[in-house]
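The values are calculated or read from the model by the stated rules, or taken from the named source; none is laboratory data. Since the model is a prediction, treat every value here as computed from it, not as a measurement. A quick note on method: Cβ atoms are made from the backbone with ideal geometry, for glycine too, and the neighbour counts reach across all protein chains shown.
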Amino acid sequence: MSDNTFNKTEKTTTREQLKEKQKLYSEILKKFSIESIKKALEIIEERRKKAIHDIKDQENDLEGVDEEVKQIFELMEKYKKDIKQIFISNGETIAHITENSPDKMIGGKIIRSVNRLNNYETQRGNWVFASSSPLDGKNLYMARNKSGMVSIFSDLCIYGDDNMQIQQDDKGDNRVLLRRPNYIYQINPEDFTPVVNLTIDENNNPFFEFSEEWTCDHDIDISDKKTVLNIQKITDITELIRNFQILCDVNSTSKAIEIRKCSTKREAIQMLISAVKDGSLRYINKEAGINISQYINSPELENLIGKISLDVSIQKKDNARERVKIDEQELKEKDELSKNINNLE
């Protein structure tokens, strides 16, 4: 595959280039045997189990496997490099978002988080995390603080802590503000690596997924102007509210985690509505009168969700947490690849 796939003679955006690059790699992955893809997925699943339980012996997990399986992992590393090159060539920055202001950075550095899982839970490390999601009101990390956030499904997020307030602007319109501001550190991606995973789509075709997460294995000096290009204070998150359903868990993230663990949609709906009513969760959209969703206050929530069904999301998250309990022997007895894939989603 040529490194000149994306040249400056064609004016394409970074997102278009990323989409095309993923498509190219997906076509390559289809050429591998079903057995090799299956084995690669099993290795990734084993990495996930070890990472969750903090077992540090992943280094040699490709020893003794077929060359074709090794080639899949080599291809994944090449995909990471290609993603990084797209961002560098296009002069793109990535963002580290934190509640720590520049004057509170220890030693003037963004310090690595210790022994943290990546987004796909396939690896642990001491990393500075960053995101390449556009900062246009659609990046959920803009409102996240040390109390964390829990995504229930793609357009509904519950934030730990009670860090949001409603104020009116000069025109009398409601604005949603962070009581304690966040800071966006816009960073050159040169020292970072994109986090990538191998998975299967709805048609059982393998592909590499990239969720816009990046990691760096060393601290970042915020005074280095070649690395940290800009620092922006975030107080107003009204645009985030226009794009998402946002709730605050007044008791850290305990209620949010309970809801995410629900095994059925009906149970999750009842818990969500009950928590809003008893004050455990604040429904920020309703308080602000912005982008209010009928379903959060409706007993018929399950009929109003539309394309995204809460129970599917919950089941996926449930599966992710319960993967360690899957019976390996049962997986081996499955004859059809699609059944294996369903257990690994």
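Checked against (1) surrounded by 14 or more Cβ atoms within 10 Å (Cβ to Cβ); (2) part of a strand (DSSP E or B), ASN115 passes all but a single condition, namely (1).
Specify the residue that is nearest to ASN163 (Cα to Cα); the eligible residues are those in the range 96-108 that are touching a strand residue (DSSP E or B) at 6+ places or on another chain (Cβ under 7 Å) and surrounded by fewer than 16 Cβ atoms within 10 Å (Cβ to Cβ). Among them, the one singled out is SER101. Put simply, of SER154, SER131 the only residue that is among the polar types (S, T, N, Q), modelled with pLDDT under 95 and in contact with a strand residue (DSSP E or B) (Cβ under 6 Å, 6 or more places away or on another chain) is SER131.
If you filter the range 34-47 down to residues that are farther than 18 Å from GLU77 by Cβ and within 23 Å of the chain's Cα centre (by Cα), you find that the one that is surrounded by the most Cβ atoms within 10 Å (Cβ to Cβ) is GLU45.
Listed by first and then second residue, the pairs linking a residue in the range 102-118 that is closer than 9 Å to ASP221 by Cα and touching a residue at least 24 places away in the same chain (Cβ under 8 Å) to a residue that is crowded, with 16+ Cβ neighbours inside 10 Å and among the aromatic types (Phe, Trp, Tyr), with Cβ atoms under 7 Å apart and 6 or more places separating them unless they lie on different chains, are ILE110/TYR185. Collect the residues in the range 118-135 that are out of contact with any Asp or Glu (no Cβ under 7 Å at 6 or more places or on another chain), buried (at least 16 other Cβ atoms within 10 Å of the Cβ) and of a type outside the set (A, V, I, L, M, F, W, C), keeping them in residue-number order. Scanning the range 118-135 gives TYR120, GLU121, THR122, GLN123. Scanning the range 48-57 for residues that are among the charged types (D, E, K, R), surrounded by fewer than 19 Cβ atoms within 10 Å (Cβ to Cβ) and either modelled with pLDDT of 90 or more or in a helix (DSSP H, G or I) (or both) yields LYS49, LYS50, ASP54.
Of all residues being of a type in the set (S, T, N, Q) and surrounded by fewer than 12 Cβ atoms within 10 Å (Cβ to Cβ) in the range 10-33, which is farthest from LYS80 (Cα to Cα)? Just the residue, please. Show your work before the answer.
Applying the first criterion (of a type in the set (S, T, N, Q)) to the range 10-33 yields 12-14, 17, 22, 26, 33.
The next check asks that each one be surrounded by fewer than 12 Cβ atoms within 10 Å (Cβ to Cβ); those that pass are 13, 33.
Details: THR13: 18, SER33: 22 Å.
Among residues in the range 10-33 that are of a type in the set (S, T, N, Q) and surrounded by fewer than 12 Cβ atoms within 10 Å (Cβ to Cβ), the one farthest from LYS80 (Cα to Cα) is SER33.
Looking at this structure, is PHE6 touching a strand residue (DSSP E or B) at 6+ places or on another chain (Cβ under 8 Å), outside any helix (DSSP H, G or I) and either surrounded by 12 or more Cβ atoms within 10 Å (Cβ to Cβ) or at pLDDT 95 or above (or both)? The answer is no for PHE6.
For (1) on the phi < 0 side of the Ramachandran plot; (2) surrounded by fewer than 17 Cβ atoms within 10 Å (Cβ to Cβ); (3) without any contact (Cβ under 8 Å) to a residue 40 or more places away in the chain, each residue gets a yes or a no:
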{"site": "CYS157", "(1), (2), (3)": "yes, no, no"}
{"site": "GLN165", "(1), (2), (3)": "yes, yes, yes"}
{"site": "LYS171", "(1), (2), (3)": "yes, yes, yes"}
{"site": "ARG179", "(1), (2), (3)": "yes, yes, yes"}
{"site": "TYR183", "(1), (2), (3)": "yes, no, no"}
{"site": "ILE187", "(1), (2), (3)": "yes, no, no"}
{"site": "GLU190", "(1), (2), (3)": "yes, yes, no"}
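Residue-by-condition table, conditions (1) in a helix (DSSP H, G or I); (2) small (Gly, Ala, Ser); (3) within 16 Å of GLU213 (Cβ to Cβ); (4) touching a Phe, Trp or Tyr at 6+ places or on another chain (Cβ under 9 Å):
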{"position": "LYS21", "(1), (2), (3), (4)": "yes, no, no, yes"}
{"position": "SER26", "(1), (2), (3), (4)": "yes, yes, no, yes"}
{"position": "ILE43", "(1), (2), (3), (4)": "yes, no, no, yes"}
{"position": "ASN60", "(1), (2), (3), (4)": "no, no, no, no"}
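Regarding the range 259-267, can at least one residue be identified that is hydroxyl-bearing (Ser, Thr, Tyr), surrounded by 20 or more Cβ atoms within 10 Å (Cβ to Cβ) and in contact (Cβ under 8 Å) with a residue 40 or more places away in the chain? First the steps, then the outcome.
Start the filter on the range 259-267 by keeping residues that are hydroxyl-bearing (Ser, Thr, Tyr), which leaves 263-264.
Subset that is surrounded by 20 or more Cβ atoms within 10 Å (Cβ to Cβ): none.
Looking through the range 259-267, none of the residues is hydroxyl-bearing (Ser, Thr, Tyr), surrounded by 20 or more Cβ atoms within 10 Å (Cβ to Cβ) and in contact (Cβ under 8 Å) with a residue 40 or more places away in the chain.
Examine the range 97-111 for a residue that is part of a helix (DSSP H, G or I) and among the hydroxyl-bearing types (Ser, Thr, Tyr), and state whether such a residue exists. No, that holds for no residue. From SER223, SER263, SER298, SER274, grab the single residue that is at pLDDT 85 or above, among the hydroxyl-bearing types (Ser, Thr, Tyr) and in contact with a helix residue (DSSP H, G or I) (Cβ under 7 Å, 6 or more places away or on another chain). That would be SER223, the only listed residue that is at pLDDT 85 or above, among the hydroxyl-bearing types (Ser, Thr, Tyr) and in contact with a helix residue (DSSP H, G or I) (Cβ under 7 Å, 6 or more places away or on another chain).
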